[in-house]
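This report concerns only the one structure given below.
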Amino acid sequence: METREPEVIRDKEAMRRWSRGMRSHGKTIGLVPTMGFLHDGHLSLVRQSLTLSDVTVVSIYVNPGQFSPTEDLSTYPSDFSGDIAKLAAVSSSGSDVIVVFNPRNLYDYDGGRNKKTNGGGGGKVVSCVEEGGLGHETWVRVERLEKGLCGKSRPVFFRGVATIVTKLFNIVEPDVAMFGKKDYQQWRLIKRMVRDLDFGIEIVGSDIAREKDGLAMSSRNVHLSAEERKRALSISRSLAMAKASAEQGQTSCKELKNMIISELVGAAGRIDYVEIVDQETLQGVEDIKSGVVVCVAAWFGTVRLIDNIEINVTV
Ligand code: AMP
């Protein structure tokens, strides 16, 4: 089948001009923000966007603003030409229009360090307060939702996410934006931000794409050894066990969490958190009475993996 390579736009002014041009022709625009190294999870968001809007912008940008100084931005995997080939294969079916937005750096300040040339971000971006007046000054914070779950061990992460997504929204001006429920907290936080700040953008949450054996797809899986990957299956397995148990009447979150913890520990995973929270507020729940989501973050070797499962039993 003939494939069509997507156009690549690297400059933010050019991106905005392209979007406004499309809009002036009555086209609706879908945005799929990614950090690249695309897999089928990303591609499922792209396919969904193609069905919901006339044209789709896939941004590929490793956002330095969401990495803390102790997290290594430089080891984030990338394969720009592979990403383009995958997107070309997705858009091979006739009239689909996909454009890739791949800016080098979206911050005026990047510390002048650690330049990546593969289309990733610049150096570390820190706040002007942390950097003696030189850093980035304007940050978007979603005050409560940014705090729990991943926010506990990654305190600047969601500040960076909300800020970069706002910047992408302002540059691309989409009608609809796609986010994966794999990053459940991120999806909820962006939905809340859009509501609180009156962005005229529909936020769509997409189901988690999994490998055949259950492992949630992630760009980071490439860093797992074969043995770590096998042990990491304990995450999806334990989440499925917890869901089945809740559906059979177990309402105690303590019991369900213990079940998951013992599976993860049995597989020598280092647990960051196992939490059962309300699907909207992400506040901890003790007894399941309405929709909850079970969220896990755990390390296997040097790789931190996250996964979750929604449980919709009502008692
Ligand atoms: P990332 O490149 O990891 O920032 O992810 C870009 C988007 O793809 C985010 O909205 C993620 O939630 C989504 N995504 C990543 N992995 C998956 C997956 N396995 N299933 C569904 N969506 C995913």
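The values are calculated or read from the model by the stated rules, or taken from the named source; none is laboratory data. Predicted model, so just to flag it, every value in this text is computed and none were measured. Positions of Cβ are generated from backbone atoms using ideal geometry, with glycine treated the same way; all protein chains shown enter the neighbour counts. Surface accessibility is based on the protein's heavy atoms, side chains included, excluding ligands, DNA and RNA. Shrake-Rupley method; radii C 1.70, N 1.55, O 1.52, S 1.80 Å.
How many residues does segment 205-232 contain that are within 10 Å of the ligand (Cβ to nearest atom) and farther than 20 Å from Arg154 by Cα?
Summing the residues that are within 10 Å of the ligand (Cβ to nearest atom) and farther than 20 Å from Arg154 by Cα in segment 205-232 gives 10.
Could you look through segment 9-49, keep only residues that are more than 7 Å from the ligand (Cβ to nearest atom) and among the polar types (S, T, N, Q), and pick out the one that is surrounded by the fewest Cβ atoms within 10 Å (Cβ to Cβ)?
Per the stated criteria, the residue is Ser24.
Here is a check on your reading of the model: is Lys243 open to solvent by 70 Å² or more (accessible area, probe 1.4 Å), more than 11 Å from the ligand (Cβ to nearest atom), over 18 Å from Gln186 (Cβ atoms) and charged (D, E, K, R)?
No.
Pairs under 9 Å by beta carbon, first residue of a type in the set (S, T, N, Q) in segment 197-215, partner at pLDDT 95 or above and part of a strand (DSSP E or B), six or more apart or different chains?
Note: pairs meeting the criteria are Ser206/Met178; Ser206/Phe179; Ser206/Gly180.
When you go through Leu256, Leu282 one by one, which is the residue that is within 16 Å of the ligand (Cβ to nearest atom) and modelled with pLDDT of 95 or more?
Answer to the check: Leu282.
Considering only segment 65-74, how many residues are touching a helix residue (DSSP H, G or I) at 6+ places or on another chain (Cβ under 8 Å), part of a helix (DSSP H, G or I) and of a type outside the set (A, V, I, L, M)?
Here the count works out to 2.
Among the listed residues Leu256, Leu239, Leu305, Leu264, which satisfies the condition of being part of a helix (DSSP H, G or I) and touching a residue at least 60 places away in the same chain (Cβ under 8 Å)?
Leu239
Restricted to segment 184-204, and to residues that are open to solvent by 70 Å² or more (accessible area, probe 1.4 Å) and farther than 25 Å from Leu305 by Cα, which residue is farthest from the ligand (Cβ to nearest atom)?
By that ranking, first place goes to Asp198.
What number of residues in segment 277-292 are part of a strand (DSSP E or B) and within 13 Å of Lys257 (Cβ to Cβ)?
Residues meeting the conditions: 4.
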